[in-house]
Amino acid sequence: MSSIILAVVIGAAFGAVLDRIGATNPNWIGKMLNLTNLHLMKTILLAIGTASVLMFGGQMLGLVDVGHMSVKTAYAGVFIGGLLLGGGWAAAGYCPGTGVCAAATGRKDALFYIAGGLLGAAAYMVTYPAWKSAGLLEGEKLTLGTVPGSGYDGILPVSGDILGIVMGLGFVAVAIALPERLRGGGEAVAPAE
């Protein structure tokens, strides 16, 4: 029971942060995607980079159990799904997490987004046998570099922990170096809604 309460508390805190940075507002997503306000992109890159450095550094120091690392299988269906998710994100201004958070803030359009996502999941369930028989759901669990103790093969003959830290630092560097906008004029204003 305490793990459920902890999950709810962490989820609520994460949702509050998403709302605070503007990720629950599809207008800010649109501004990010059309490169007229990169505040949200910078925040996302900084969060991914920081988490990567902490996770892989923690694994190297023995503070994070590598057994908690989950690697998804790479297959054609993942790439097709990624394209569909990206297209839906650009069209709606929401990804699954931000859509649920936006609904929690009272945005009615987010409810339609969630309904569409559920219909898409149902369509996938109905068509699953066809995707499976087409061979689009077969693949391997691979990492870019080998992470000791993870049980996954690495594509490159380098330490996955070191590679994860370097890539994380690269994300942080890009987040810091990005200007507030790449297109358009006027002042970029961070969301304060």
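Remarks
- Extension gain, Glu140-Asn34: 0.36 nm per intervening residue step, less the Cα-Cα distance, totals 34.7 nm.
- Pairwise alpha-carbon distances in the range 92-178 exceed 18 Å for 69% of all pairs.
- Per-selection Kirkwood Rh - the range 1-155 (Cα, Å, 1 d.p.): 18.2 Å
- Low-density loop positions, chymotrypsin sites (Phe, Trp or Tyr not before Pro), the range 1-107 - DSSP coil, at most 10 other Cβ in 10 Å: none
- Candidates Val126, Val64, Val17: whichever shows maximal mean-square fluctuation once the chain is modelled as a Gaussian network with Cα springs under 10 Å: Val126
- Put a plus charge on the Cβ of each Lys and Arg, a minus charge on the Cβ of each Asp and Glu, and nothing anywhere else: the dipole of the chain about its Cα centre is then about 380 debye.
- The residues of the range 1-82 expose, per residue, 59 Å² of accessible area to a 1.4 Å probe.
- Given their separation in residues at 0.36 nm each and the Cα-Cα distance between them, Arg183 and Lys108 gain 24.0 nm when the chain is fully extended.
- Mean residue ellipticity at 222 nm, helices only, the chain: -21000 deg cm²/dmol; runs of at least 4 DSSP H residues each add -39,500 (n - 2.57), and the sum is divided by the number of residues.
- Rough spin-label spacing in nm, given labels placed 7 Å along Cα→Cβ, for Lys132 and Ile4: 3.0 nm
- For the range 77-125, alpha-carbon Rg and Dmax in angstrom: 10.9, 33
- Here the chain has 73 percent of its accessible surface on carbon and sulfur atoms, given a 1.4 Å probe and all protein chains in place.
- Between Asp153 and Ala122, the FRET efficiency estimated from the beta carbon spacing at R0 = 35 angstrom works out to 0.50.
- For the listed residue pairs Lys42/Lys108; Lys42/Lys132; Lys31/Lys72; Lys31/Lys132, the alpha carbons are over 32 angstrom apart in Lys42/Lys132; Lys31/Lys132.
- The distance from the alpha carbon centre of the range 78-147 to that of the range 12-70 is 18 Å, rounded to a whole number.
The values are calculated or read from the model by the stated rules, or taken from the named source; none is laboratory data. Everything numeric here is computed off the predicted structure, so don't read it as measured data. In this analysis, Cβ positions are derived from the backbone assuming ideal geometry, glycine residues included, and neighbour counts consider all displayed protein chains. Accessible surface areas use protein heavy atoms only, side chains included; no ligands, DNA or RNA. Shrake-Rupley method; radii C 1.70, N 1.55, O 1.52, S 1.80 Å.
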